[in-house]
Each structure stands twice: as structure tokens, then as C-alpha cells.
Amino acid sequence: MMIAHLSILLISIEAICCQTSRFPEFALVDISKGPIIGKLLKSYDNESAYTFLGIPLAKPTVGKLRFIRPQPVDSWKEPIYTTEFKNACMADARLTYKKLAGGPVSEDCLYMNVYTSHHCLHLASLSYKLFLL
């Protein structure tokens, strides 16, 4: 009887696994400052991409750091979740208010969003340079 229940459980788990995506829902990646966790995003035509939203680029430019060159962000040991957008940078509302969707706006806005395919995510032997304009 125990074997029959175990067999049913294994068949159920296999059926559930076969219905899910062939890629994991979350991805853990090590970057120079520490580990980050991104999430899988599916498009309307069923294409997959990993998103890493709100990766810290520099310390927040507030308080004593407001009018100086941005300072490097401190390293971290525990993974940070980069699965949601962070604050948008302040702008002249008269120029952008009617064109952009609303969202949190702050001087603490030095974050980067990265979108990548499953293929690129696993090319660990290659190195890439990122140029910010």
C-alpha cells in the first residue's frame, strides 16, 4: 500500500514538473559586489528572459553625498532580490508628467535594470563590458 501511494506521489510530481517552464523561475547570479536574484519573465509569444531589476550602481546621493560624485556601493554577502523596479530619478514634471506612467520618484535612484536570455545567463566563460552613456 505504501508503494502505491509513493508511486502516485511521484507521478503527480512528474506531471506538475512537466507543466512548468523548462527554465527555473528565479536565477542566482554572482556579480562583482555580491549575489543577486532575478526572475523569469515570459513574453506574449512565450519567449523567456531573466530580469534583474534595481541592481545598485552607487550609494544613494542624498544627505552628505548629494552634491559629490556618486560613491561605489558597498559589497554584500547575502543575495539581494532584484525582482522589482526601484525608484525613478526625479525629472522636470512639466516635460515628462503626461508621457510617463507613475511610480516612486526619489533622489535615491542609481539602480540598473538588466534583461537577458537564458542562453546568455549561462555563458559564464565569456566576459562582457557594459558601457553606460
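Read the figures in this text as sums done on the coordinates, not as results from a lab. On a predicted model such as this, the values are computed, not experimentally measured, just so you know. Cβ sites come from the backbone with ideal geometry, for glycine too, and all protein chains shown count toward neighbours.
So here's what we get for this one:
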read-out	value
Search result, residues across the range 40-56 that are closer than 15 Å to Asp30 by Cα and outside any strand (DSSP E or B)	none
Members of the range 33-86 that are loosely packed, with under 13 Cβ neighbours inside 10 Å and free of Cβ contacts under 8 Å to residues at least 12 places away in the same chain	Ser43, Tyr44, Asp45, Asn46, Glu47, Gly63, Lys64, Phe67, Ile68, Arg69
